[in-house]
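Since the structure comes first, as structure tokens, the remarks are kept for the end.
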Amino acid sequence: MSIHNFNLAWHPLGTLNNPITSDPLFNKFGVYLWIYIGNPNRIIYVGTACSGLGFRGRTAQHVGNAYFGLGSFFRLVETEDPYTYYKKLGSDFFALVHQRQLYSPAYPHTFGDWERKEINDFLSKVELWVCPVENNENFKTKEVAKYLETQIQYVLKKAFKLTYGECDKSNNSWLGKMEHLYKTDLIDYKFYFSNFPNLDTHEISLLKNLTDYIDKDPSTRGKIIRE
């Protein structure tokens with residue numbers, strides 16, 4: 001088994017409704033996080049930008065989709081932990097849509113005045129953090145970004161017991177679509193960060209020890225990491 005080590009850094013690029021488009025990093029490629037500013041701050045989405053206009057292109061796509069009713073968003077009270085909310089999605093998804101606490105493009109007929117009003121508030125509460133990954137002679141950006149993205153998604157899903165909600169069959173969780181990877185491959189990629197996003201100490205600790213957490217999880221032993 002060969003271990004591949006990567007030294008990376010996280011950078012803030014504003015909020016989804018007001019990204020720092022003048023920053024040169026906005027044109028780079030790699031992994032990005034959406035961090036909902038709440039109680040506490042939480043990673044609510046993990047994605048990759050590996051082609052086209054990089055982080056700039058993916059952000060424009062996400063925001064455009066939201067305004068046209070093609071992206072999910074939710075409304076929380078200020079004291080509610082986003083992960084507590086995510087746990088409701090498995091059993092209360094339809095009720096949350098009906099109560100106008102959640103919008104899903106699976107139900108486009110519900111996109112109305114409330115959604116148009118709330119989307120701006122939601123986007124203003126989501127910080128964009130990016131982790132650029134450069135190509136080199138041994139690894140392509142897409143390969144490395146795929147492993148980092150999946151590690152973060154898997155560890156958060158397991159550590160906080162998050163549900164996949166209505167997207168279970170397609171393997172799209174609220175944290176993003178997880179790749180079809182074997183654990184033995186996934187833990188061969190170790191990531192070291194020089195800094196961390198605006199998160200609580202527990203979530204930062206998880207980011208510091210991604211492969212350790214996956215390797216010690218007995219539920220993944222000899223299995224494909226995506227469940």
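The values are calculated or read from the model by the stated rules, or taken from the named source; none is laboratory data. Values in this document were obtained by computation on a predicted structure and should not be read as measured data. With ideal geometry, Cβ positions are generated from the backbone for all residues, glycine too; neighbour counts draw on all protein chains shown. Calculation scope for accessible area: heavy atoms of the full protein, side chains included, ligands and nucleic acids excluded. Shrake-Rupley method; radii C 1.70, N 1.55, O 1.52, S 1.80 Å.
Specify the residue that is most open to solvent (accessible area, probe 1.4 Å); the eligible residues are those in the stretch 131-150 that are in a helix (DSSP H, G or I) and out of contact with any helix residue (DSSP H, G or I) (no Cβ under 7 Å at 6 or more places or on another chain). Step by step, filter the stretch 131-150, then rank; the result is Lys142.
Contact map, the stretch 63-79: first residue among the β-branched types (Val, Ile, Thr), second residue part of a loop (DSSP other than H, G, I, E, B) and open to solvent by 50 Å² or more (accessible area, probe 1.4 Å), Cβ cut-off under 7 Å, separation 6 or more or different chains; pairs are Thr79/Asn39. Of all residues in the stretch 135-146, those that are under 20 Å from Thr211 (Cβ atoms) and in contact (Cβ under 8 Å) with a residue 40 or more places away in the chain have Cβ atoms under 7 Å from Cβ atoms of residues that are of a type in the set (S, T, N, Q) and not in a helix (DSSP H, G or I), 6 or more apart or on another chain, in Thr141/Asn135; Ala145/Thr48; Lys146/Thr48. Can you spot a residue in the stretch 94-116 that is more than 27 Å from Asn18 (Cα to Cα), buried (at least 20 other Cβ atoms within 10 Å of the Cβ) and not polar (S, T, N, Q)? No, because not a single residue in the stretch 94-116 is more than 27 Å from Asn18 (Cα to Cα), buried (at least 20 other Cβ atoms within 10 Å of the Cβ) and not polar (S, T, N, Q). Just so you know, in the stretch 187-203 the residues that are more than 12 Å from Leu33 (Cβ to Cβ) and not aromatic (Phe, Trp, Tyr) include one that is farthest from the chain's Cα centre (by Cα), and it is Asp188.
Counting residues that are surrounded by fewer than 15 Cβ atoms within 10 Å (Cβ to Cβ) and at pLDDT 95 or above, which helices (runs of 4 or more DSSP H) fully inside the stretch 158-227 reach at least 1? I'd like the intermediate steps shown before the answer.
Values: elements: 183-186, 201-208, 210-216.
Counting at least 1 such residues, we get 201-208.
Could you please find all residues in the stretch 117-130 being modelled with pLDDT of 90 or more and either more than 14 Å from the chain's Cα centre (by Cα) or open to solvent by 70 Å² or more (accessible area, probe 1.4 Å) (or both)?
Narrowing the stretch 117-130 to residues modelled with pLDDT of 90 or more: 123-130.
Result: Leu123, Ser124, Lys125.
One residue stands out among those in the stretch 33-88 that are of a type outside the set (Val, Ile, Thr), open to solvent by less than 20 Å² (accessible area, probe 1.4 Å) and part of a helix (DSSP H, G or I): the one that is nearest to Trp129 (Cα to Cα), which is Phe55.
How many of the residues in the stretch 19-32 are farther than 17 Å from Asn198 by Cα and either among the hydrophobic types (A, V, I, L, M, F, W, C) or part of a strand (DSSP E or B) (or both)? Can you show your working first?
So the first thing to find is which residues in the stretch 19-32 are farther than 17 Å from Asn198 by Cα, and the list is 21-30.
Subsequent filtering for residues that are either among the hydrophobic types (A, V, I, L, M, F, W, C) or part of a strand (DSSP E or B) (or both) retains 25-26, 29-30.
Number satisfying all stated conditions: 4.
The single condition among (1) in contact (Cβ under 8 Å) with a residue 60 or more places away in the chain; (2) touching a Leu at 6+ places or on another chain (Cβ under 7 Å); (3) farther than 18 Å from Val144 by Cβ that Ile20 does not satisfy is (1).
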